[in-house]
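What follows is a short report on a single structure.
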Amino acid sequence: MRIMKQYNYTVLIHGQLSTNKFRYPNEKREVICSTTLIQGNGVNIIVDPGWRDEPLLEQLKLHGLSPEQIDIVYVTHMHADHYRSIRLFPQAKKLGYRKEIDNWRNKISEADRDILENLEPVDKEIYEDITIVETPGHTLEHTSVLFQHQGKQVLVAADAVLVIEYFEHREVHVISEDQELARQTIDKVRALADIIIPGHDAPFENWFKDNKQRS
């Protein structure tokens, strides 16, 4: 049996929702997307660069990296808060899920059309053993990214899982294109991953998998 390649990861930016009904229901905050760096086997990969250039550049510098050292940038779905800072990486290979790219060709804003047109469509993998997982609902062709870290399944869930409380309560974003499908996707994620990196929060352990209890 082939041994899966292992990767390290760092969440460069921990995201937040504009309003979190469980944590700050009466506040409006800046929308921030979680940005993940995956490293190993000769590559530096960013998943969802977000739309805040300076904080991302600062975090890369703190981790000893320049934009030129990023080999691949993958966009999970075509919401602007997840992709606009991709322009910081002119030398990187820019990837997106083929069906999501096609779904947005007639919907993308003209200001961001260059980003969509420069994404290379992929279907199954971003890199060796870094797998694209269909997690539809938030957008109809939304994807997440699955890889192994120290033998554990890590899922960069993006907006398939917004924050830890929404995961626990099976809540989805009000702007989701198909809210029931998005809830079914949460069920899929609960059965799949050991560690979840949500779209707008810090990583957490999936206590639903294998009937584990949350500590």
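The values are calculated or read from the model by the stated rules, or taken from the named source; none is laboratory data. This one's a predicted model, so the numbers in the text were calculated from it and none came from an experiment. Methodologically, a virtual Cβ is constructed for each residue, glycine included, from the backbone with ideal geometry; neighbour enumeration extends over all protein chains shown.
Do we have V145 as in contact (Cβ under 8 Å) with a residue 24 or more places away in the chain and touching a helix residue (DSSP H, G or I) at 6+ places or on another chain (Cβ under 8 Å) here? Against the criterion (in contact (Cβ under 8 Å) with a residue 24 or more places away in the chain and touching a helix residue (DSSP H, G or I) at 6+ places or on another chain (Cβ under 8 Å)), V145 does not qualify. Do you know which residues across the stretch 102-127 are in contact with a strand residue (DSSP E or B) (Cβ under 9 Å, 6 or more places away or on another chain) and either hydroxyl-bearing (S, T, Y) or not in a helix (DSSP H, G or I) (or both)? Across the stretch 102-127, the qualifying residues are L119, E120, P121, V122, D123, K124, E125, I126, Y127. Flag not set for D187, criterion: part of a helix (DSSP H, G or I), in contact (Cβ under 8 Å) with a residue 12 or more places away in the chain, of a type in the set (D, E, K, R) and farther than 30 Å from P25 by Cα.
Kindly establish whether R2 is touching a Lys or Arg at 6+ places or on another chain (Cβ under 9 Å), basic (K, R) and outside any strand (DSSP E or B). Judged against the criteria, R2 is not a match. The set of residues from the stretch 41-64 being part of a loop (DSSP other than H, G, I, E, B), within 23 Å of P198 (Cβ to Cβ) and either of a type outside the set (K, R) or in contact (Cβ under 8 Å) with a residue 40 or more places away in the chain (or both) comprises D48, P49, G50, W51, H63.
The residues in the stretch 141-171 that are in contact with a Leu (Cβ under 8 Å, 6 or more places away or on another chain), part of a loop (DSSP other than H, G, I, E, B) and surrounded by fewer than 22 Cβ atoms within 10 Å (Cβ to Cβ) can be counted, and the count is 1. Taking the conditions (1) within 26 Å of N8 (Cα to Cα); (2) buried (at least 19 other Cβ atoms within 10 Å of the Cβ); (3) under 13 Å from the mean Cα position of the chain (by Cα); (4) not small (G, A, S) in turn, H138 satisfies each one other than (1). Number of residues in the stretch 190-199 that are surrounded by fewer than 23 Cβ atoms within 10 Å (Cβ to Cβ) and either closer than 14 Å to Y166 by Cα or out of contact with any strand residue (DSSP E or B) (no Cβ under 6 Å at 6 or more places or on another chain) (or both) equals 3. Of all the listed residues (Y74, Y127), the sole one being of a type in the set (S, T, Y) and either in contact with a His (Cβ under 9 Å, 6 or more places away or on another chain) or over 23 Å from H200 (Cα atoms) (or both) is Y127.
Just wondering, is there one or more residues in the stretch 96-106 that are surrounded by fewer than 14 Cβ atoms within 10 Å (Cβ to Cβ), out of contact with any helix residue (DSSP H, G or I) (no Cβ under 9 Å at 6 or more places or on another chain), modelled with pLDDT under 95 and more than 18 Å from Q16 (Cα to Cα)? Looking for residues that are surrounded by fewer than 14 Cβ atoms within 10 Å (Cβ to Cβ), out of contact with any helix residue (DSSP H, G or I) (no Cβ under 9 Å at 6 or more places or on another chain), modelled with pLDDT under 95 and more than 18 Å from Q16 (Cα to Cα), one finds at least one in the stretch 96-106, hence yes. Against the criterion of being touching a Phe, Trp or Tyr at 6+ places or on another chain (Cβ under 8 Å) and not polar (S, T, N, Q), R84 qualifies. Restricting to the stretch 148-165, name every residue that is more than 16 Å from T76 (Cβ to Cβ) and in contact with a helix residue (DSSP H, G or I) (Cβ under 8 Å, 6 or more places away or on another chain). Once the filter is applied, which keeps residues that are more than 16 Å from T76 (Cβ to Cβ) and in contact with a helix residue (DSSP H, G or I) (Cβ under 8 Å, 6 or more places away or on another chain), the stretch 148-165 yields only Q153. Within the stretch 12-27, does at least one residue satisfy the condition of being hydrophobic (A, V, I, L, M, F, W, C) and over 22 Å from L146 (Cα atoms)? Within the stretch 12-27, one or more residues are hydrophobic (A, V, I, L, M, F, W, C) and over 22 Å from L146 (Cα atoms). Going by the structure shown, is Q59 within 18 Å of G15 (Cα to Cα) and polar (S, T, N, Q)? In short, yes.
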